[in-house]
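To keep things clear, I will list the structure first and then write my remarks on it.
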Ligand code: ADP
Ligand code: MG
């Protein structure tokens, strides 16, 4: 599925829809360059889960846990990861196999340890279509 957006608000609203429909144990992997809108989408998804707390990229921790919504939400940002093995230390497998909803920004950096079954979301710019244009491609991987 492809969703095209033309503002941060539209990307946020796309995230809300996925958050509303998210199931226990669902894993979202977000891929795309810096500043493409991964965190904006994540903030919408958290909102759709009913989380009222502000959600930002965890800068000093790899994972941030939000318990205030319909399901627990595990927000990973692995941008600063040196080696996928570092994910063992934060208990990555336990989160991903748990009952909450996991979302991983910069999932490309830990490709080899991603669960096979996941909702993969790639966000891309296309400057020919304007500075605020984003193409969001969603694939259900099994
Ligand atoms: P990432 O997490 O991918 O590094 P962010 O979500 O932090 O990116 O930032 C995306 C930036 O792009 C924000 O400054 C946002 O306002 C801007 N932006 C412009 N147009 C869009 C759009 N259509 N969707 C999402 N973000 C957009
Ligand atoms: Mg981000």
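Within the bounds of region 77-92, is there any residue that is at pLDDT 95 or above, over 18 Å from residue 18 (Cβ atoms) and within 16 Å of the chain's Cα centre (by Cα)?
So far as region 77-92 goes, yes, one or more of its residues are at pLDDT 95 or above, over 18 Å from residue 18 (Cβ atoms) and within 16 Å of the chain's Cα centre (by Cα).
How do the pairs read when you match residues in region 27-54 that are closer than 17 Å to residue 126 by Cα with residues anywhere that are assigned to a helix (DSSP H, G or I) and more than 7 Å from ligand 1 (Cβ to nearest atom), using Cβ under 8 Å and keeping only pairs 6 or more apart or on different chains?
31/107; 31/108
Check whether at least one residue in region 79-97 is in contact (Cβ under 8 Å) with a residue 60 or more places away in the chain, within 15 Å of ligand 2 (Cβ to nearest atom) and touching a strand residue (DSSP E or B) at 6+ places or on another chain (Cβ under 7 Å), and report yes or no.
Step one: list which residues in region 79-97 are in contact (Cβ under 8 Å) with a residue 60 or more places away in the chain, which gives 96-97.
From the residues that got through so far, the ones that are within 15 Å of ligand 2 (Cβ to nearest atom) too are none.
The answer is no; no qualifying residue exists.
Just checking, which of 117, 124 is in contact with a strand residue (DSSP E or B) (Cβ under 8 Å, 6 or more places away or on another chain) and within 12 Å of ligand 1 (Cβ to nearest atom)? First the steps, then the outcome.
Values: 117 fails: within 12 Å of ligand 1 (Cβ to nearest atom).
Only one candidate qualifies: 124.
Mind telling me which of the residues 63, 36 ends up being within 14 Å of ligand 2 (Cβ to nearest atom) and under 20 Å from residue 90 (Cβ atoms)?
Values: 36 fails: under 20 Å from residue 90 (Cβ atoms).
Of the residues listed, the single one that is within 14 Å of ligand 2 (Cβ to nearest atom) and under 20 Å from residue 90 (Cβ atoms) is 63.
Does region 31-50 hold any residues that are within 9 Å of ligand 1 (Cβ to nearest atom), under 20 Å from residue 114 (Cα atoms) and within 12 Å of the chain's Cα centre (by Cα), and which are they?
32, 38, 39, 41, 42
Here is a check on your reading of the model: is residue 129 within 12 Å of ligand 1 (Cβ to nearest atom), under 24 Å from residue 7 (Cα atoms), at pLDDT 95 or above and exposed (fewer than 14 other Cβ atoms within 10 Å of the Cβ)?
yes
Which condition number does residue 66 fail, the rest of (1) crowded, with 19+ Cβ neighbours inside 10 Å; (2) without any contact (Cβ under 8 Å) to a residue 60 or more places away in the chain; (3) within 19 Å of residue 34 (Cα to Cα); (4) in contact with a helix residue (DSSP H, G or I) (Cβ under 7 Å, 6 or more places away or on another chain) being met?
(3)
Just one of (1) within 16 Å of ligand 2 (Cβ to nearest atom); (2) within 28 Å of residue 129 (Cα to Cα); (3) in contact with a strand residue (DSSP E or B) (Cβ under 8 Å, 6 or more places away or on another chain) trips up residue 55, so point out which.
Of (1) within 16 Å of ligand 2 (Cβ to nearest atom); (2) within 28 Å of residue 129 (Cα to Cα); (3) in contact with a strand residue (DSSP E or B) (Cβ under 8 Å, 6 or more places away or on another chain), only one is false for residue 55: (2).
The values are calculated or read from the model by the stated rules, or taken from the named source; none is laboratory data. None of these values were measured; they are calculated from a predicted model. Neighbour counts run over all protein chains shown; Cβ positions are idealised from the backbone, glycine included.
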